[in-house]
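Down below is the structure, laid out as structure tokens.
The values are calculated or read from the model by the stated rules, or taken from the named source; none is laboratory data. Keep in mind that what you see is a predicted model, and the values were worked out from it rather than measured. Cβ sites come from the backbone with ideal geometry, for glycine too, and all protein chains shown count toward neighbours.
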Amino acid sequence: MSQLSKYTPLLDGDSLEAKREEILDYFLNTYELYERVFEVLKDDSVFYEKSEITRHPMIFYFGHTATFFINKLILMKIIDKRINPDFESIFAVGVDEMAWDDMSNSHDIWPEVSAVREYRMQVKELMTQLIHELPLSLPIQKESPMWVILMGIEHERIHIETSLVLHRQMPIDLVKKSTYFPLCKESGEAPQNSMVSIESQTIELGVDKSHSLYGWDNEYGTYTEEISALKSAKYLVSNAEFMEFVKDGGYTKEKFWDEEGLKFLQLTGATHPPFWVEKESGYDYRALSEIIDMPMNWPVDVNALEAEAFCRYKSARDGVEYTLVSEAEYRALVKHAKIEDIPLFNDRDANCNFSQGASSCPVDKFVFNGIGDVVGNVWQWSRTPIRAFKGFEVHEAYDDFSVPTFDERHALILGSSWASSGNLIAKHSRYAFRKHFYQNAGFRYIETKNRDNTMSDDIYESDALVSQYCEFQYGDTHFGVENFAKSTARIATKYTKNRKKALDLGCATGRATFELAKEFDIVEGIDFSARFVQVGVKLKADGKIFFSSVEEGEILSHKEVTIEELGYEKLKEKVSFWQGDACNLKPNFQGYDLIIATNLIDRLYNPRLFLDSVDERLNDEGILVLTSPYTWQESSTQKEFWLGGYTDENGKEIRTIEALEEFLGDKFELLHREDIPFVIKETARKYQHTLSELSVWKKR
């Protein structure tokens, strides 16, 4: 199996051509392996089944990773032509656990599997061409077009693993055995677990920009922690060890579960781990594509809530306080085990990168300096919420990879699994999931005196740009200028006859979305940036948001806004938030009486794509409201796509409003124009004072 999976390429090297060939080989290897994963499905009809109710049908995931390449290359202006705009919309945004991805509004009409296979082939051909032709210098850095190619490859590597989890959750009669994914043949009685002492030490986490491997944005930066001596379980918790908890009624005893855990039990009715199959005489085990006798010495697969409950159970039984490992403590285990990073790491010494097949293996098969499975076999749930390191910066090509998880609700998983490859098995990799989620993940318990660095639930927005928008939309007004979101919503509503459904496109942090809900039955807010969207999601879900406002230099004022003081507490059920591309919206966003696009058209990579079909999303007599200061710039929109703000070949000055009248005139009647001022605070003594032209258009 290992020949199907390769290590992630180094970013440096001596030969540009050799590096291109290395990246191409890695891309093709990843692409083939991903398609092999979907050969586990029994036939093409299964692509339209959901393995789990909160997920898309499998056809979505089959198309998603290919569209990711195109969407990111378009976003970064590396290419300017789409292959299939429809596919690149419906396959764009997953539902894995983002609150704004509500399955009730999912796309229900999926393309034929054969069409998606053909699309994947087209993407493959384009990527092969780009890898050969894109500008390249070594080392590859974040600004390089080739970095975006590597991002797409590593993204597909993630989905290789998560898709295998979903396939494993499919009913057994919907999957089939594959020679590419053989199971480990070794199983038997579990070893007795014991504790191993780990010395106190200083732990430094994070990598710098000179690191030789591709990294996701959350992996860069610095963090230092002093770790006191601790004791770690020698082995991952096996099916046999967890069986004691199950047989002792662990799932039925509330004292072992916290509030989130009890909610999980109530919603799921779980009485045992998800991949155990109950029978009269005990339990069998669900592997990827077959049910086998319970492998007692394999690690148990559970979510974080189940792992935490076991720790409480064992603590009560043994009179010793056990807990999950922290991120820093886990790194202490890695140092104790003397594990090398890629490329010195050898995957044949651990159960990862498919080197041992496509399943777990005995917990005592791979032991590192006295500790089993420090890496590989299954991921290890930690007790550490994922947080940004000092110096964290989002990568503009994928600004929603990490930021939505910095909410104190996503726990880090550590150490990789049998299905992990690429960046996933790098020493510095950081991945996190909500505690109720299932991955190829288990856990080990530790005894520790280390105390976690806790954060208040009142988490102030750490992203400077998002904080500035929060201040703009939810902060104080300045110089007597009305809040821009409120004034736009008020004017737009005045011109709208029917008020059932509205769309706030380019909603940013969501203020106008809530304002429109005062008059409309349903309001959907869409923004390209997940970093912005999550503010509206948080206000709706938690009833409050926290952000910082720059006063002077590094001096900040911290602000809290509640849904009650805004007067929105009775409106929140009317609003929903989505991540989306205004130039390529999903087909289900339609049937609106009003669409407002706020300060948006001069920031789109191709505004004509949005304007050309916006009428199709409006009901009869629907209203389109555009606002913009017309600050065209090539960093957002290539000049050939500007609607105005330039002089044509005849020397005529082209104004945006005139271009809009010409472009929209056949489909819309211009009802109203006026300038709307807005003020953006930069510091206590510096403000941007801008005029945005608001135009109101009625669908003919």
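For the stretch 371-388, the criterion of being part of a helix (DSSP H, G or I) and either farther than 19 Å from PRO273 by Cβ or assigned by TED's automatic domain parsing to the domain that holds TYR220 (or both) is met by no residue. In summary, strands (runs of 3 or more DSSP E) completely within the stretch 523-609 and bearing 1 or more residues that are more than 28 Å from ILE109 (Cβ to Cβ) and charged (D, E, K, R) occur at 544-552, 555-562.
With respect to LYS667, determine if the residue is in contact with a strand residue (DSSP E or B) (Cβ under 7 Å, 6 or more places away or on another chain) and either hydroxyl-bearing (Ser, Thr, Tyr) or farther than 19 Å from PHE528 by Cα (or both). Here the answer is yes, as LYS667 does meet what is asked.
Filtering the stretch 653-700 to residues that are surrounded by 14 or more Cβ atoms within 10 Å (Cβ to Cβ) and hydroxyl-bearing (Ser, Thr, Tyr) leaves THR656, TYR687, THR690, SER692, SER695.
Taken as a whole, the condition of being more than 23 Å from the chain's Cα centre (by Cα), farther than 27 Å from TRP147 by Cβ and of a type in the set (Gly, Ala, Ser) applies to ALA358. Out of curiosity, is LEU130 in a loop (DSSP other than H, G, I, E, B), within 15 Å of LEU16 (Cα to Cα) and not basic (Lys, Arg)? Judged against the criteria, LEU130 is not a match. Of the residues making up the stretch 607-652, those that are crowded, with 20+ Cβ neighbours inside 10 Å, within 18 Å of ARG673 (Cα to Cα) and free of Cβ contacts under 8 Å to residues at least 60 places away in the same chain are LEU611, LEU643.
Just the residues that are farther than 25 Å from SER178 by Cα and modelled with pLDDT of 95 or more, please, taken from the stretch 339-365. Passing the criteria: only ASP364.
Out of VAL679, VAL696, report the one residue that is under 30 Å from GLU552 (Cα atoms), touching a residue at least 12 places away in the same chain (Cβ under 8 Å) and touching a His at 6+ places or on another chain (Cβ under 6 Å).
Values: VAL696 fails: under 30 Å from GLU552 (Cα atoms).
On inspection, the qualifying residue turns out to be VAL679.
Is there a residue in the stretch 289-307 that is part of a helix (DSSP H, G or I), within 18 Å of SER232 (Cβ to Cβ) and at pLDDT 95 or above? Scanning the stretch 289-307, I find at least one residue that is part of a helix (DSSP H, G or I), within 18 Å of SER232 (Cβ to Cβ) and at pLDDT 95 or above, so the answer is yes.
Yes or no, residue by residue, for (1) under 24 Å from ASN588 (Cβ atoms); (2) part of a loop (DSSP other than H, G, I, E, B):
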residue	(1), (2)
ASP476	no, yes
GLY480	no, yes
LYS486	no, no
ILE491	no, no
ARG499	yes, yes
THR513	yes, no
PHE520	yes, yes
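Counting the residues of the stretch 501-511 that are in contact (Cβ under 8 Å) with a residue 60 or more places away in the chain and assigned to a loop (DSSP other than H, G, I, E, B) gives 4. Residues that are aliphatic (A, V, I, L, M), surrounded by fewer than 16 Cβ atoms within 10 Å (Cβ to Cβ) and over 26 Å from LEU236 (Cα atoms) within the stretch 163-200 comprise just one, ILE172.
Listed by first and then second residue, the pairs linking a residue in the stretch 128-141 that is surrounded by 13 or more Cβ atoms within 10 Å (Cβ to Cβ) to a residue that is assigned to a loop (DSSP other than H, G, I, E, B) and acidic (Asp, Glu), with Cβ atoms under 7 Å apart and 6 or more places separating them unless they lie on different chains, are LEU138/ASP12; PRO139/ASP12. With respect to the stated conditions, PHE437 fails to be surrounded by fewer than 23 Cβ atoms within 10 Å (Cβ to Cβ), closer than 26 Å to SER289 by Cβ and free of Cβ contacts under 8 Å to residues at least 40 places away in the same chain.
Can you name the residue in the stretch 512-534 that is of a type outside the set (A, V, I, L, M) and free of Cβ contacts under 8 Å to residues at least 60 places away in the same chain and, of all such residues, is farthest from THR488 (Cα to Cα)? Walk me through how you get there before you give the answer.
First, the residues of the stretch 512-534 that are of a type outside the set (A, V, I, L, M): 513-515, 518-521, 524-525, 527-529, 531-532, 534.
Still in the list and also free of Cβ contacts under 8 Å to residues at least 60 places away in the same chain: 515, 518-519, 521, 525, 527-528.
Values: GLU515: 9, LYS518: 13, GLU519: 13, ASP521: 18, GLY525: 14, ASP527: 17, PHE528: 20 Å.
Here the answer is PHE528.
Give me a count of the residues in the stretch 274-286 that are in a loop (DSSP other than H, G, I, E, B) and either buried (at least 21 other Cβ atoms within 10 Å of the Cβ) or modelled with pLDDT under 95 (or both). Explain how you work it out, then say what you get.
As a first pass, look at the stretch 274-286 and keep what is in a loop (DSSP other than H, G, I, E, B): 274-275, 280-281.
Filter once more, so that each one left must be either buried (at least 21 other Cβ atoms within 10 Å of the Cβ) or modelled with pLDDT under 95 (or both): 275, 280-281.
Summing the residues that are in a loop (DSSP other than H, G, I, E, B) and either buried (at least 21 other Cβ atoms within 10 Å of the Cβ) or modelled with pLDDT under 95 (or both) in the stretch 274-286 gives 3.
Output the residues belonging to the stretch 215-267 that are in contact with a His (Cβ under 6 Å, 6 or more places away or on another chain) and within 22 Å of VAL325 (Cβ to Cβ). Walk me through it before giving the result.
The initial filter retains those residues of the stretch 215-267 that are in contact with a His (Cβ under 6 Å, 6 or more places away or on another chain), namely 217, 219, 246, 264.
Hits for the stretch 215-267 are GLU219, PHE264.
Looking at ILE53, ILE74, ILE109, ILE70, just one residue is aliphatic (A, V, I, L, M) and modelled with pLDDT of 95 or more, and that residue is ILE70.
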